[in-house]
1. Could you list, ordered by first residue, the pairs with Cβ atoms under 6 Å in which the first is in region 291-305 and surrounded by fewer than 22 Cβ atoms within 10 Å (Cβ to Cβ) and modelled with pLDDT under 95 and the second is basic (Lys, Arg) and outside any loop (DSSP other than H, G, I, E, B), at least 6 apart or interchain?
2. Just name the residue that is surrounded by the fewest Cβ atoms within 10 Å (Cβ to Cβ) out of those in region 120-165 that are of a type outside the set (A, V, I, L, M) and touching a Cys at 6+ places or on another chain (Cβ under 9 Å).
3. Could you give me the residue pairs with C-beta distances under 9 Å whose first residue belongs to region 255-281 and is free of Cβ contacts under 8 Å to residues at least 12 places away in the same chain and crowded, with 19+ Cβ neighbours inside 10 Å, whose second residue is polar (S, T, N, Q) and part of a helix (DSSP H, G or I) wherever it lies, and which are 6+ apart or on separate chains?
4. Quick one: in region 325-362, of everything that is exposed (fewer than 14 other Cβ atoms within 10 Å of the Cβ) and over 30 Å from Asp285 (Cα atoms), which residue is modelled with the lowest pLDDT?
5. Give the residue, chosen from Val167, Val76, Val105, that is under 18 Å from the mean Cα position of the chain (by Cα) and touching a residue at least 24 places away in the same chain (Cβ under 8 Å).
6. Residue check: is Tyr209 in contact with a helix residue (DSSP H, G or I) (Cβ under 9 Å, 6 or more places away or on another chain) and part of a helix (DSSP H, G or I)?
7. Can you tell me how many residues in region 154-189 are in a loop (DSSP other than H, G, I, E, B), out of contact with any Gly (no Cβ under 8 Å at 6 or more places or on another chain) and closer than 30 Å to Gly296 by Cα?
8. Being farther than 16 Å from Thr205 by Cβ and in contact (Cβ under 8 Å) with a residue 12 or more places away in the chain is the filter here, so list the residues in region 142-164 that pass it.
Amino acid sequence: MAKGRYIGPFATPAALSHRGRPCFPYPPERLNSDIIRLPGQASGIEEAPCGRQRMGEKLMRTLVTGGAGFIGSHTVDLLIAREHEVVVVDDLSTGRRENVHPEAVLVEMDIADPELATLFHSDRFDAVVHLAAQPSVPRSIQEPLIDGRVNILGTINLLECCRHSGVGRFVFASSAAVYGDPERVPIPETAATRPLSPYGLTKLTAESYLRLYHDLFGLETVALRYANIYGPRQDALGEAGVVCLFVTQILNGEQPLIHGDGLQTRDFVYVEDIARANLLALGPDTPAGVYNAGGGTASTIIELFDLISDGRAPRVHADPRPGDIRDSVLKVSMARRALGWQVTIPLADGLQRTWEHFSPVG
């Protein structure tokens, strides 16, 4: 796959090449998790002389939105372990300050705020990993305006900041929700997209904006359609929260409910594997496009429950949830070829790590 070609269902040739700009990193003494609020505060970001290595070399300066959240904080941890300089943008509406790595700088800001441009122009970034989102499917149905503001307008705001400040690469957290109820599984990237919720629609719309910014302005954009992610630091928000929900309910002595017959299938992937996919998508040789990111293996909800409960709680069934997708498993061969990525943590091992994280006695 040649560099410059957009890979995925909307693939068209890129129109323009992207031109990099000088970087203005924080001085080393500023690399901590202090909160920075923009604009105009004394604790605001200051420009510093450019003296760091650029993309493709030892260091990269990366902005991570949603970096105080579940997936974002694990991604930040991995980026810092790989010697990236990381700035986190998070409004802390669902993220937690304590999740942020101490060597990352945390900027408390809404991604739809026009003042975000101030940050981009004062502190030039090599790349952006965009993980901030309104993640709840039920809330997207109840409050579609909020869902659209965050997931569409917030993404456009970031893309505009990248366009005007010389960012070279943009990695976006999309979702298997763009497919809706699939005609067959495993689901390839070329499958029909029929979202069943405003959440899925906003993710699909954002993908289209990524493709346009690649074609019109040469921004190297990669969208990763995540499957059901689980692991430490997760909460029960969104569809992917079933693992956390089962674990915390059993630990609290509550009875989890299996909706329907429990034979519906899902594709579960451990959060550290997804963090690694985000890292690999930043690579300069990764072609722009859309890639599935999942385990590629079907697990029924009953199988999941049995692995988590291990006899600690009985199976109790409840009525099916309206609009629940029957089967959702992703085909991940494109990500293997283009990113060199595949899962490394089996489901049983990942569930054990998750249990130990939430259990007060391990």
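The values are calculated or read from the model by the stated rules, or taken from the named source; none is laboratory data. Note that this is a predicted model, so its numbers are computed, not measured. Cβ placement follows ideal geometry from the backbone for every residue including glycine, while neighbour counts extend to all protein chains displayed.
1. Within 6 Å, no pair qualifies.
2. His121
3. The qualifying pairs do not exist here.
4. Gly362
5. Working: Val167 fails: under 18 Å from the mean Cα position of the chain (by Cα); Val105 fails: under 18 Å from the mean Cα position of the chain (by Cα).
Only one candidate qualifies: Val76.
6. Considered against the rule, which asks whether it is in contact with a helix residue (DSSP H, G or I) (Cβ under 9 Å, 6 or more places away or on another chain) and part of a helix (DSSP H, G or I), Tyr209 comes out as yes.
7. Here the count works out to 6.
8. Result: Cys161, Cys162, Arg163, His164.
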